[in-house]
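Okay, structure first, notes after.
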Amino acid sequence: MFYKLSNTADLQSVERVFGVKFKYPSLYKKNMVINGLAEESLPIITSEENSVINYGIWGLMPEQYKDEWENFQNLDNTLDISLCDVNESDWIKNIFLNNHCLIIITGFFTSYLYDGEVYPYYVHLKDSKPFAVAGIFSKLKDGFISVSLLTSAISSKLATVHNLGKEFPIILESKDY
């Protein structure tokens, strides 16, 4: 489960790396620790509107959902979804097939088991520039967007850092944006 991200890049750096502008630049703020267990928004670029950086509430919800974010996340935590699990729910499968997005971050936190104790571990690029992880999104009836990170089996290189699970966020290379 990945529920802590980071975005410490300034607005201009994000726009430069992704080659598009923020739809609502005054809403952007740096944040060293973005806690998914609280209702947080993430900068995203959706397949539906790929010429701007928008915002999505972290924690995917069905498009028809009307109640509060927290109530849904308490029932079905959707901060991240494994590629192996996208077919287990019709509503997630439909979103997965049609609504892809880039989730813009500068890093994420994972856990590392060492000598019987668990330590937090921060994963980021060497140059600390923003990058994207794969995500899916839904557009709610009120116009808000909700998002989830996609995870997959980790590579052997990352397994040494994330040794408490088999899944990792799907980090995209810039050529795949």
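The values are calculated or read from the model by the stated rules, or taken from the named source; none is laboratory data. Fair warning: this is a prediction, and the values are worked out from it, not measured in the lab. Note that we place each Cβ from the backbone using ideal geometry, even for glycine, and neighbour counts take in every protein chain shown. All accessible areas refer to the heavy atoms of the entire protein, side chains included, with ligands and DNA or RNA removed. Shrake-Rupley method; radii C 1.70, N 1.55, O 1.52, S 1.80 Å.
I'd like the distance separating the alpha-carbon centroids of the stretch 1-63 and the stretch 99-152, in whole Å.
Taking the Cα centre of each part, the stretch 1-63 and the stretch 99-152 sit 10 Å apart.
Probe radius 1.4 Å, ligands and nucleic acids left out: which of Tyr122, Tyr28 has the largest accessible area, and how do the rest follow? Before the final figure, lay out the partial values.
Details: Tyr122 65, Tyr28 35 Å².
The ranking, largest first, comes out as Tyr122, Tyr28.
Would you please put 4-10, 147-153, 62-68 in order of how densely packed they are, using the mean number of other Cβ atoms within 10 angstrom per residue and starting with the highest?
Details: 4-10: 18.7, 147-153: 21.6, 62-68: 12.6.
So the order, starting with the most tightly packed, is 147-153, 4-10, 62-68.
Residue farthest toward the positive end of the dipole of the chain, with Cβ of Lys/Arg at +1 and Asp/Glu at -1: which of Ile92, Phe22, Met32?
Checking the options against the dipole of the chain, the answer is Phe22.
Amide H neighbours of Ser82 under 5 Å, at least 5 residues apart or on other chains, H built in the peptide plane: list them.
Thr151
In square nanometres, what is one fourth of the surface area of the convex hull spanned by the alpha carbons of the chain? Display every interim value, and only then the final one.
Working: hull surface 42.0 nm².
Seen from a random direction, the Cα hull of the chain projects 10.5 nm² on average.
Heavy atoms only, probe 1.4 angstrom, no DNA, RNA or ligands counted: give me Ile170, Ile92 ranked by accessible area, highest first. Write down the numbers at each step before the final one.
Details: Ile170 40, Ile92 15 Å².
Largest accessible area first, the list is Ile170, Ile92.
Determine the share of the chain's accessible area contributed by carbon and sulfur atoms, expressed in whole percent, with a 1.4 angstrom probe. Could you put the intermediate results ahead of the total?
Details: 4910 of 9830 Å².
So the carbon and sulfur contribution to the accessible surface is 50 percent.
Tally the DSSP beta bridges in the chain and give the antiparallel ones as a percent, rounded to 5.
On the way: 36 of 43 bridges.
Antiparallel: roughly 85 percent of the beta bridges in the chain.
How much length is gained if the chain between Met32 and Phe144 is pulled fully straight, taking 0.36 nm per residue apart and subtracting their Cα-Cα distance, in nm to one decimal?
Residue separation times 0.36 nm, minus the Cα-Cα distance, leaves 37.9 nm.
Give me the base-10 log of I(q)/I(0) for the stretch 1-96 at each q in 0.13, 0.24 Å⁻¹, Debye formula, one uniform scatterer per Cα, rounded to two decimals.
-0.53, -1.33
Please arrange Trp58, Trp91 by accessible surface area, largest first, computed with a 1.4 Å probe and ligands excluded.
Details: Trp58 0, Trp91 65 Å².
Ranking Trp58, Trp91 by accessible area, largest first, yields Trp91, Trp58.
Tell me the relative contact order for the stretch 1-158 as a rounded percent, counting alpha carbon contacts under 8 Å between residues six or more apart. Provide the component values of the computation, followed by the final result.
Working: 300 pairs, mean separation 44.6, N = 158.
Relative contact order of the stretch 1-158: 28 percent.
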